[in-house]
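The values are calculated or read from the model by the stated rules, or taken from the named source; none is laboratory data. As the structure is a prediction and not an experimental result, all values here were calculated from the model. In this analysis, Cβ positions are derived from the backbone assuming ideal geometry, glycine residues included, and neighbour counts consider all displayed protein chains. Just the protein is used for accessible areas: all its heavy atoms, side chains included, with ligands, DNA and RNA removed. Shrake-Rupley method; radii C 1.70, N 1.55, O 1.52, S 1.80 Å.
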Amino acid sequence: MTYNFDKTPSREGTYSFKWEKYKGRDIIPAWVADTEFRCADPILESLSRRIEDGNLGYVLPGQYQPAIDAVVRWLKDKHNWDIDPLWLVWTPGVVPAFNAACKAYCEPGDKIMVQVPNYPPLLAAPKLNDMQRVAIQTVEVDGRYTLDFEQLAQEASDPACKLLILCNPMNPVGSVLTQSELDQVAEICQRNNVVLCSDEIHCDLVLDEDKVHLPAGRDPKLKNNSVTLMAASKTFNIAGLGASFAIIPDAKLRQHFVKAAAGIVPWVNQLGLLATEAAFTRCDDWHTDQLDYLRENRDLVYERINAIEGLSVKRQEATFLAWVDASGLGVDDVQKWAEQKGVGPSPGVDFGAPQHFRVNFGCSRKMLSEILERLASE
Ligand SMILES: Cc1ncc(COP(=O)(O)O)c(C=O)c1O
C-alpha cells in the first residue's frame, strides 16, 4: 500500500458535523458518513492552485469540460458505462437531487416507495414534498439483506405509486444489488410505469471483491425511466464541497428534473467541480488503496462486534458503515447503551430500526480499535 490511512488529520476546531455532537465528552463519534482520511494529494493540489489564483466567482458547471470528461472516463473505466455527456446534470448534493426527483415525477398526494431501513433524508423526502411514503421492507435472504421484492411488486401496482427511490449500495445495510435483483427492479418499474431514482452515492465503495456495482441507468431496461445519482463525495472524502451529479439518459425525464430544480437548487461550486475532476482522473491508486484499508477495517468490525454478547453484524458488501443489530442486548435504548460505553454511532431509530445502530469505520485502524474496545468493555 502506497498511501498511509493510519495518519489522519485532526478535525478539532473545524466545526465538523460529526465531531461537534460529542464535543467535550468522552465519546468517540462514529456516526455521520464522512471519513477521517486526508484527501488524496491531487485533489488538495488542485484546490490549492485555484485558491492561489484567487478568484472564486461563478463558473458554468454544464460547460466545465474537464470535470465532465472526468465523470465520463470514471463511469467508463470503473462501471463499464458509456454515457453521453448530455445526460449529465450537476447537483450540489445527492439530497437535493432526490428531492428534486420527487417534485419532478410526482404530484402532491402521489406515493413514493422507499426501502426501510434507509438513510434518514431518503425516508423524509416523500413527506417533505407532500407525497406519501410507502415503506418497502428489507428482508434477510441467505444471510444477506435485500429488498422485499414481493412487496415491491405489490405496492408498485398501485397507480398512485409514481416513483421508487432506491439506495444502491444500500445504506445502512450495506448490500449491493445483484443483476437478478436489478432485473426484478427494472421489470417491476417498467410494468407499472414507475420511475426509478437510484441513489448510488456509495457505488465506488464496494468492498467484496466478487461483487460489482450495477448502475441503474446502464441497464437497457432502465435507461429510459431512471435517474442515477452519483458523486465522488463519499469515496474521496469531499462531501463538504457539495458536488454530485445525476445521469438521466431520457430527455423528457431530464427536462422535468432540471425544471424541478431550477431556481431552488444552486449550481455546483467550482471547488466541488475541481475536486471531482481530480478525484476521477488522478486518484485511481489512492482509491484502490483505500478500498484495501476499508476492507480490513470491515473485517475487524465483523470479527470484534460479533464477539460482543448481544450484538451482531454482517460483513458489509459495500460502504464504510456497519449496521449493527443490538436487539440481543435486551435494552430499550441501544444508542444510549453505546454512548455510555463512549462511542457515538448513528441511531438506528433515525433509519427506521430502533434496535440497531450504525458504526462508521471510515477511520484509522487506531481509532476503530478504540471504538471496538469501548463497545466490548464491561
Ligand atoms: C445514501 C446517501 N445519499 C446521500 C447522502 C448525502 O448526499 P449529499 O451530501 O451529496 O447531499 C448520503 C450521506 O450520508 C447517503 O448515505
Query - Long-range tail of P(r) for segment 135-177 (Cα pairs > 18 Å, %) - result: 29 percent
Query raised in the report: What dipole magnitude, in Debye to the nearest 20, does segment 229-378 give about its Cα centre under +1 on Lys/Arg Cβ and -1 on Asp/Glu Cβ?
Result: 520 debye
Report summary line: Here the averaged projected area of segment 1-129, based on the convex hull of its alpha-carbon atoms and given in nm², is 12.7 nm²
Query raised in the report: Within the P(r) computed for the chain, what percentage of the Cα pairs occupies the region above 37 Å?
Result: 18 percent
**Report entry** Charge-dipole axis of the chain as Lys and Arg at +1 and Asp and Glu at -1 on Cβ define it, positive-most pick from P347, T2, S226
**Finding:** S226
Requested in this report: Would you mind checking K21/K223; K23/K314; K76/K366; K252/K314 for any pair whose Cα atoms are more than 32 angstrom apart?
Outcome: K21/K223; K76/K366; K252/K314
Report summary line: To the nearest 20 debye, the chain has a Cα-centred charge dipole, built from +1 on Lys and Arg Cβ and -1 on Asp and Glu Cβ, of 880 debye
Query raised in the report: Rg and Dmax of segment 241-323 over Cα atoms: what are they, in angstrom?
Result: 19.3, 53
Query raised in the report: In whole percent, how big is the carbon plus sulfur part of the accessible area of segment 55-282, probe 1.4 Å, protein atoms only?
Result: 52 percent
Requested in this report: Calculate for the chain the 222 nm mean residue ellipticity that helices alone would give, adding -39,500 (n - 2.57) per DSSP H run of length 4 or more and normalising by residue count, nearest 500 deg cm²/dmol.
Outcome: -11500 deg cm²/dmol
Query raised in the report: Measuring from the lowest to the highest alpha carbon on each principal axis, how far does segment 106-255 reach, largest first, in angstroms?
Result: 39, 38, 30
Query raised in the report: Can you give the accessible area per residue of the chain, in Å², using a 1.4 Å probe?
Result: 43 Å²
Requested in this report: May I ask you to order 299-310, 220-231 by the average number of other C-beta atoms within 10 Å around their residues, highest value first?
Outcome: 220-231, 299-310
Requested in this report: Quick one: divide the alpha-carbon radius of gyration of segment 67-143 by 2.2 N^0.38 Å and tell me what you get.
Outcome: 1.40
Requested in this report: At q = 0.12, 0.14, 0.18 Å⁻¹, work out log10 I(q)/I(0) for segment 193-296 with the Debye formula, treating every Cα as an identical point scatterer and leaving solvent out; two decimals please.
Outcome: -0.48, -0.65, -0.99
Requested in this report: Place the peptides 233-239, 271-277, 31-37 in order of packing, highest mean first, counting for every residue the other Cβ atoms within 10 Å and averaging per peptide.
Outcome: 271-277, 233-239, 31-37
Report summary line: Checked segment 114-195 with the C-alpha gyration tensor, a ≥ b ≥ c its square-rooted eigenvalues, rounded below a/c of 1.5, otherwise prolate if a/b is larger than b/c and oblate if not; verdict oblate
Query - Cross-link partners of K211 among aspartates and glutamates (Cα-Cα below 12 Å; sequence separation of 8 or more within a chain) - result: E317
Requested in this report: Pairs of Cα atoms under 8 Å, at least six residues apart: use those to get the relative contact order of segment 55-282, whole percent.
Outcome: 27 percent
